[in-house]
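Notes follow once the structure below has been shown.
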Amino acid sequence: MKKTLKLSLIAASVLALTACNQEAKKEQAVEVKLETAAQQQAYGIGASVGGFLNKDLADKKELGFELDQALLIKGFQDALAGSAKIDDEKIREVLTQLDTDVRAKQAEQAKIEAEENKAKGVAFLAENSKREGVTTTESGLQYEVITAGEGAQPAETDVVVVHYKGTLIDGTEFDSSYKRNEPVNFPLNRVIKGWTEGVQLMSVGSKFKFAIPSELAYGDRATGSIPAHSTLIFEVELLDIEQPEKEAVASE
């Protein structure tokens, strides 16, 4: 069912390209009427699948797969006329191979980018360690005290309440509780290693800036807008320490 749907989308997208190609050759464009709901729906489907195919072809081109649009359109026209030059089995074979090739190229590109990210992170941490006020722990975690607090320090099993902002080393922000205007709470032993270690160094009321090596963050795993092997920068404000759940239950 999914394969059929995918092929249907591609076919519809080709039809959209065909229509555009034919319209470009006409001296006067045919008026597009979008007065009724049915007209708008038909046009909307065409625009949607056309946009999908346009992006898909652009993504493939970036990877080095530049498909001949004239042949793409011709294949659709021949199939529509019942005179396709290759049968369904061959079509599945060549499209499966294309998908395999694209995935292999994506994996190769991702590996190269991850290695570049790691090298940039190592260089950044080496320079950052020279800055006044920056301390590097045995694990490689770096931190500096922005504001010193006087409250208690959390244990690994505690639940902490924090405000934070996270960026990549180029300054790209990927998360911020400040922007949401709402602090977050979480068990300290259920986050990335850099957070588990770093926040335990803080006292309630303090604010630290951490530079977290990729091996103490997400490693070779890309997460959301965070590329694989990224060194992460966090500004963290420790607001409170909550009683661990098991202790809270025991005290009731």
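Each value in this text was obtained by applying a stated rule to the coordinates, not by laboratory testing. Small disclaimer: the values here were computed from a predicted structure and weren't measured. Here Cβ is always computed from backbone atoms with ideal geometry, including for glycine, and neighbour counts include all displayed protein chains.
Can you give me the long-range amide H partners of F186? Hydrogens built in the peptide plane at 1.01 Å from N, cutoff under 5 Å, separation of 5 or more residues or another chain.
Amide H to amide H, under 5 Å and 5 or more residues apart or across chains, F186 pairs with V160.
Taking the alpha-carbon distance from K55 and a cut-off under 17 Å, which aspartates and glutamates remain once sequence neighbours fewer than 8 residues away in the same chain are dropped?
E66, D68, D99
When the Karplus curve 6.51 cos²θ - 1.76 cosθ + 1.60 is applied with θ = phi - 60°, which whole-Hz ³J(HN,Hα) does each residue of the stretch 219-235 get, with x for Gly and Pro?
Each residue of the stretch 219-235 in turn: x, 8, 9, 6, 10, x, 8, 9, x, 4, 6, 8, 7, 10, 10, 10, 9 Hz.
Which listed residue (H229, F210, A155) has the Cα farthest towards the positive end of the charge dipole for the stretch 102-231, taking +1 on Lys and Arg C-beta and -1 on Asp and Glu C-beta about the Cα centre?
After comparing all options, I get H229.
Just want to confirm a number: the relative contact order over the stretch 115-252, from Cα pairs under 8 angstrom separated by 6+ residues, in percent. All intermediate terms of the calculation are to be shown ahead of the outcome.
On the way: 282 pairs, mean separation 43.6, N = 138.
That works out to 32 percent.
Say R0 is 25 Å: what FRET efficiency, to the nearest 0.05, do A107 and E215 get from their beta-carbon distance?
Efficiency computed from Cβ-Cβ geometry: 0.75.
Classify the stretch 34-103: rounded, prolate or oblate, from the alpha-carbon gyration tensor (a ≥ b ≥ c, eigenvalue square roots; a/c under 1.5 rounded; otherwise prolate if a/b is larger than b/c)? Kindly include the intermediate steps, with their values, before the conclusion.
Values: a/c = 2.54, a/b = 1.40, b/c = 1.81.
Taking the square roots of the gyration eigenvalues as a ≥ b ≥ c, the stretch 34-103 is oblate.
Along the charge dipole of the stretch 112-231, which of P187, S176, V134 sits closest to the positive end, that is, farthest toward it, with unit charges on the beta carbon of Lys, Arg, Asp and Glu (+1, +1, -1, -1)?
S176
Fully extended, how many nm does the chain gain between I86 and D240 (0.36 nm per residue separation, minus their Cα-Cα distance)?
Details: separation 154, 0.36 × 154 = 55.44 nm, distance 6.73 nm.
The span from I86 to D240 would gain 48.7 nm if fully extended.
Could you calculate the contour length gain from F52 to V122, that is, 0.36 nm times the residue separation minus the distance between their Cα atoms, to one decimal place in nm?
Numbers: separation 70, 0.36 × 70 = 25.20 nm, distance 3.83 nm.
Residue separation times 0.36 nm, minus the Cα-Cα distance, leaves 21.4 nm.
Spelling out what I want: for every residue of the stretch 173-181, take phi, set θ = phi - 60°, compute 6.51 cos²θ - 1.76 cosθ + 1.60 (Karplus), and round to whole Hz; glycine and proline get x.
7, 10, 6, 6, 6, 5, 5, 7, 6
For the stretch 76-174, what is the charge dipole size about the Cα centre, in debye to the nearest 20, if Lys and Arg each add +1 at the Cβ and Asp and Glu each add -1 at the Cβ? Display every interim value, and only then the final one.
Working: 11 positive and 20 negative charges, 40 e Å.
The calculation lands at about 200 debye.
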